[in-house]
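What follows is a short report on a single structure.
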Amino acid sequence: MRLLTHSTLGLIAAAAVSLLFSFSTCASQSTPAPLPTSPSYRQVTDEIGRTIRVPQSIHRIVSLAPNLTETIYALGMQDRLVGDTDYCDFPLEAQQKPKVGGAINPSLETIASLHPDLVLVTKNLNRLETVNALDSLGIPSYATDPHTVEAIISSTERLADLLGAPEIGITLGRQMESRIAAIKERIAAMPPRRVMFIVWTEPLISIGKDTFIADALQHAGAVSVIDSSQNWPQINLEEVVRLQPEFLVFAEAHPEDAAHITDTFANLPGWRVLDAVKHHRFAVISDAVNRPAPRIASAIEDLARQLHPEAFVEVPQTEKKESTNPTPPLAKQPEATQLLNFLHDFSSPLESACAR
């Protein structure tokens, strides 16, 4: 059995509470009545269709999800972050922020004591009860809900716009798009690898086809063998043996120290009949892939490099000159900036990253 990690806990918690945070379909589809506003406030619509009232200038933010904390740092707005959850651990500086408890059961008293202008939540992790309780306290909450890589980029840009820095969001979004486009160009001629992304082993849990993780796999030149409409389906091992994925994909807080995965699976009777296990075809990437935040671009590139290493072999300079159609290099990012440093911080050791 794999060790219980914050990352896996976050994914399983997300599966357990996603239904609790589902808002009324009728309410989300109908046009809400205008909220009373004053010159110091404005109305905005969040990603699940709620109209909320927020201050014209947002200076104090509490984040109730690790991916939102990461995004705030990626946008360079960490000075506005006055509190986050116990599982907000990336970047390392986020661990020093005042803590308000867990994402599922935060302390409302602690949140109120921080006097936030806005609380950031995400539909897949936080509970509707928390949102309603914040509303009863007069504290506005803004919800995100991205389901694809493109939606993660769009969500990042919308959040930057909400916080009064649209140009920063656009810049970061373009950097992510450029990096992912370069990866896709590299692997365009490669047939996609059939993989299984393993969230948990006992019970065996994978990802559904409509999750942002499944979309990230496709951007990395992979396709999940699990075709389920559930976000986190429980899978029978016999079915996996029948499907015979080419690679098993894992997300780890410390992927560089994941040699134990190969040893563990090589000795499991039920798993030894898998060709991927027999031939040690494991792809272990950062658990940044579990969080719908800017670092997902780094996780996509790392997975693509492991699944399609031949696409990332650099051609010697002399051969490049002789070639009429050389393989394009990965697009270079702008000069070192705070945004770029954050995106490339994927290679740094993570201290116990949590999903989402």
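Observations, loosely collected:
- Residues being touching a Cys at 6+ places or on another chain (Cβ under 7 Å) and touching a residue at least 40 places away in the same chain (Cβ under 8 Å) are entirely absent from region 95-111.
- Looking only at region 309-321, residues that are of a type in the set (D, E, K, R) and modelled with pLDDT of 95 or more come to 1 in all.
- Output for region 286-308, where each listed residue is at pLDDT 95 or above and either of a type in the set (Lys, Arg) or touching a Pro at 6+ places or on another chain (Cβ under 7 Å) (or both): Arg291, Pro292, Arg295, Arg305
- Looking across Ala143, Ala151, Ala165, Ala160, one residue alone is open to solvent by 20 Å² or more (accessible area, probe 1.4 Å), of a type in the set (A, V, I, L, M, F, W, C) and at pLDDT 95 or above. It is Ala151.
- Test: residue in region 49-63 that is open to solvent by 10 Å² or more (accessible area, probe 1.4 Å) and in a helix (DSSP H, G or I): no
- No other residue among Ala283, Ala266 is aliphatic (A, V, I, L, M) and at pLDDT below 95 apart from Ala266.
- Candidate set: region 89-140, residues that are under 19 Å from the mean Cα position of the chain (by Cα) and charged (D, E, K, R); chosen: the one surrounded by the fewest Cβ atoms within 10 Å (Cβ to Cβ): Glu93
- Residue within region 212-221 that is assigned to a strand (DSSP E or B), buried (at least 21 other Cβ atoms within 10 Å of the Cβ) and in contact (Cβ under 8 Å) with a residue 60 or more places away in the chain present: no
- Residue count for region 258-303 satisfying the condition of being touching a strand residue (DSSP E or B) at 6+ places or on another chain (Cβ under 6 Å) and acidic (Asp, Glu): 2.
- Single condition Thr71 does not satisfy, out of (1) buried (at least 20 other Cβ atoms within 10 Å of the Cβ); (2) touching an Asp or Glu at 6+ places or on another chain (Cβ under 8 Å); (3) not acidic (Asp, Glu): (2)
- Candidate set from region 74-88 (those that are open to solvent by 10 Å² or more (accessible area, probe 1.4 Å) and acidic (Asp, Glu)); member that is farthest from Asn126 (Cα to Cα): Asp79
- Qualifying residue in region 297-313 (condition: assigned to a helix (DSSP H, G or I), open to solvent by 10 Å² or more (accessible area, probe 1.4 Å) and of a type in the set (S, T, N, Q)): yes
- Inter-residue pairs, beta-carbon under 9 Å, first within 11 Å of Val54 (Cα to Cα) and in region 114-128, second open to solvent by 30 Å² or more (accessible area, probe 1.4 Å), 6+ apart: Pro116/Arg60; Asp117/Ser57; Asp117/His59; Asp117/Arg60; Asp117/Arg80; Leu118/Arg60
- Conditions (1) modelled with pLDDT under 95; (2) open to solvent by 40 Å² or more (accessible area, probe 1.4 Å); (3) out of contact with any strand residue (DSSP E or B) (no Cβ under 7 Å at 6 or more places or on another chain); number of the one not met by Ala13: (2)
- Subset of region 201-211 that is assigned to a loop (DSSP other than H, G, I, E, B) and open to solvent by 20 Å² or more (accessible area, probe 1.4 Å) - its residue that is nearest to Thr148 (Cα to Cα): Asp210
- From Ser38, Ser24, residue being at pLDDT below 95 and within 24 Å of Ala165 (Cβ to Cβ): Ser38
- The residues on offer are Ile170, Ile180, and the sole one that is of a type in the set (Val, Ile, Thr) and open to solvent by 60 Å² or more (accessible area, probe 1.4 Å) is Ile170.
The values are calculated or read from the model by the stated rules, or taken from the named source; none is laboratory data. Because the structure is predicted, anything quoted here is derived from the model rather than measured. For neighbour counting, all protein chains shown are included, and Cβ atoms are generated from backbone atoms with ideal geometry for every residue, glycine included. Areas reflect the complete protein model, heavy atoms only, side chains present, ligands, DNA and RNA absent. Shrake-Rupley method; radii C 1.70, N 1.55, O 1.52, S 1.80 Å.
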